[in-house]
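Chemist: Sharing a structure below in structure tokens format, with a few things to ask.
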């Protein structure tokens, strides 16, 4: 049975929550620089990411070649070598765990003992099944395109990749016996960046209280869903925290009136580009981000177990109830 980041349920919930129109309830004041045409970008990186994920999934299914390895006991046999593994092995309509591992799934033993650190990045491009892929890509389009249009491909690309990396590192610190795949860490990073962007640019938005409440509810609900079994909530948490800090660093907007000063005569004193609290958040977030990634990475490659430093952290990933038991990961 494949044990991986089964956030199909998580992402489905994400999609329902993120479709809530309240996310669009906050907008810049009409006289704000946000409506300056120079700040609008054409989104191409997020669609490229979606295409890359789809292509990687097709390649994974081609390599998997279920009929040749399962004696025809596959799902959707009319797809021939692209048919899915038996549902008893993979209920998400996808390849086997062996194929995912071969293609770069996150696996603690491979990362630490076999020095395959590249898996911390490759795992975010792999998906356990077509349901998993569709849910993640829908969420990526919904969140990512809006952010890329406002802030450009460089900053959003950095947030996506570093958040995915941060989620993988935290996941590896706590999960040793199972593989993990999926873009959920990167997606939660974009969600975290949306939250920090709203906070650091608080003064320029209207309807900001409703937007903040909506974002907080979405975050809490989806992190709460992560305590169900077979969901890698550590990847969600690591990605979210990384994206949150990156949002304070990369997505701060200049204060009102800054762009208009370009038309002032030479020698006229210009006001500060950012407010004092934005500079403070920038410095604190940069320090926390660097320290957090460095410390977590060192702990990981030294083979340390995260539970040795946080005995209660297993409740962040799974809470046992009378209905289910949590795997000892």
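Chemist: Is it true that residue 244 is in contact (Cβ under 8 Å) with a residue 12 or more places away in the chain, crowded, with 21+ Cβ neighbours inside 10 Å and over 19 Å from residue 317 (Cα atoms)? Walk me through how you get there before you give the answer.
Modeler: Numbers: in contact (Cβ under 8 Å) with a residue 12 or more places away in the chain: yes; crowded, with 21+ Cβ neighbours inside 10 Å: yes; over 19 Å from residue 317 (Cα atoms): yes.
Answer is yes for this residue.
Chemist: Just the residues that are more than 22 Å from residue 157 (Cβ to Cβ) and either surrounded by fewer than 23 Cβ atoms within 10 Å (Cβ to Cβ) or under 13 Å from the mean Cα position of the chain (by Cα) (or both), please, taken from segment 104-146. Explain how you work it out, then say what you get.
Modeler: First, pick out the residues of segment 104-146 that are more than 22 Å from residue 157 (Cβ to Cβ): 105, 107-116, 128-132, 134.
Within segment 104-146, 108, 109, 110, 111, 112, 113, 114, 115, 116, 130, 131, 134 meet the criteria.
Chemist: Would you tally the residues in segment 154-195 being over 13 Å from the mean Cα position of the chain (by Cα) and over 26 Å from residue 309 (Cβ atoms)? Spell out the reasoning first.
Modeler: Within segment 154-195, the first condition is being over 13 Å from the mean Cα position of the chain (by Cα), and the residues that meet it are 154-155, 172-180, 195.
From what's left, over 26 Å from residue 309 (Cβ atoms): 154-155, 195.
Qualifying residue count, segment 154-195: 3.
Chemist: Give me a count of the residues in segment 206-229 that are surrounded by fewer than 16 Cβ atoms within 10 Å (Cβ to Cβ), touching a residue at least 24 places away in the same chain (Cβ under 8 Å) and under 19 Å from the mean Cα position of the chain (by Cα).
Modeler: 2
Chemist: Could you check, for segment 165-176, whether at least one of its residues is on the phi < 0 side of the Ramachandran plot, touching a residue at least 12 places away in the same chain (Cβ under 8 Å) and outside any helix (DSSP H, G or I)? Before the answer, list the steps.
Modeler: Within segment 165-176, the first condition is being on the phi < 0 side of the Ramachandran plot, and the residues that meet it are 165-176.
From what's left, touching a residue at least 12 places away in the same chain (Cβ under 8 Å): 165-176.
Now narrow it down to the ones that are outside any helix (DSSP H, G or I): 175-176.
Yes, that holds for at least one residue.
Chemist: With 161, 79, 87 as the choices, which residue is within 18 Å of residue 244 (Cβ to Cβ) and either at pLDDT below 95 or assigned to a helix (DSSP H, G or I) (or both)?
Modeler: Values: 79 fails: within 18 Å of residue 244 (Cβ to Cβ); 87 fails: within 18 Å of residue 244 (Cβ to Cβ).
Being within 18 Å of residue 244 (Cβ to Cβ) and either at pLDDT below 95 or assigned to a helix (DSSP H, G or I) (or both) holds for just one of 161, 79, 87, which is 161.
The values are calculated or read from the model by the stated rules, or taken from the named source; none is laboratory data. Quick caveat, the model's predicted, so the values are computed rather than measured. As a convention, Cβ positions derive from the backbone with ideal geometry for all residues, glycine included, and neighbour counts pool all protein chains shown.
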